[in-house]
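Below: one structure, written as C-alpha cells.
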Amino acid sequence: MGVLISKWINSTLLNPTIAMPVIAASWVVGGIVILLLERAAPKAHWHDGERLPLSKAFQIGLCQVLALIPGTSRSGATILGGEMLGVDRVAATKFTFYLAVPTMLGATVFELYKKGAGLTQGQSFNIAVGFVVSFIVAYVVIRQFLVIVARYGLTPFGWYRIAAGLALAAYIWI
C-alpha cells in the first residue's frame, strides 16, 4: 500500500504541471485558514510540549496527514492543529519539532532502503555532512522561530503563504 502511495505521489504530485497550481492554491487557502484559525483558537489548556497527554500527542500527530497535500507545511499543520486542540502555541511548536524527528527519520530510512545500495562512498559522505549541517542550522532557526511564534503567532506565516501563493500563481499564468 505504501509503495503504491509513494508511486502515485512521485508520478502525480511531483509532476510540476500538476503540482504547481495545486501548491499555489494550497498556499493561498492555507494562509487564509491560518489567519482564520489563529483568531478562533480556543484557550490553551496544555502549556508544556514535553508533557502532553498521549491522546493529545496522537491527535496532533494526525494533523500531519494534512501535509500530504502539496504546499501544506507539516509543521504549520501540526502547530495549528495543536492550537485548535487546546495546546499553547509555543508548546505546540516545540512538540511539532519533536514530532519531526521520527517522521523525517522514517522517511530517510525508507529512501535509503530503496536507493541506498546505489550510493557511492562520496555521496554517503555528502549525505552525512548535510545531515550534520542541517541539524545545526535547524537548531538555530527553531530557537528564533519559537521567539517569533510566541510573540506574533502564525499570522505572519499566514500572510506570507498568501503572498507566496499569489506570486506563484502569477508566475504560472504569465
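Taken together, the values in this text are just the output of simple stated rules run on the coordinates, not laboratory data. This one's a predicted model, so the numbers in the text were calculated from it and none came from an experiment. Glycine also receives a Cβ, built like all others from the backbone with ideal geometry; neighbour counts cover every protein chain displayed.
Placing R0 at 22 angstrom, the Cβ-Cβ distance between Tyr98 and Arg39 gives a FRET efficiency of 0.25 after rounding to 0.05. For Ser134 and Ile174, the difference between the fully extended length at 0.36 nm per residue and the C-alpha to C-alpha distance is 10.9 nm. Cβ-Cβ distance of Tyr152 and Met84, R₀ of 22 Å, FRET efficiency by 1/(1 + (r/R0)^6): the value works out to about 0.75.
Starting from the coordinates of the alpha-carbon atoms of region 13-63, obtain the Kirkwood hydrodynamic radius over all distinct pairs and give the value in Å to one decimal. For region 13-63, inverting the mean 1/r across all distinct Cα pairs yields 13.8 Å.
For region 2-173, what relative contact order do you get, as a whole percent, if you take Cα pairs closer than 8 Å and at least 6 residues apart?
37 percent
A Förster radius of 30 Å, combined with the Cβ-Cβ distance separating Leu54 from Thr120, puts the computed FRET efficiency at roughly 0.10. Under the shape rule built on the C-alpha gyration tensor, where the axes satisfy a ≥ b ≥ c, region 18-174 is oblate, since a/c reaches at least 1.5 while a/b does not exceed b/c.
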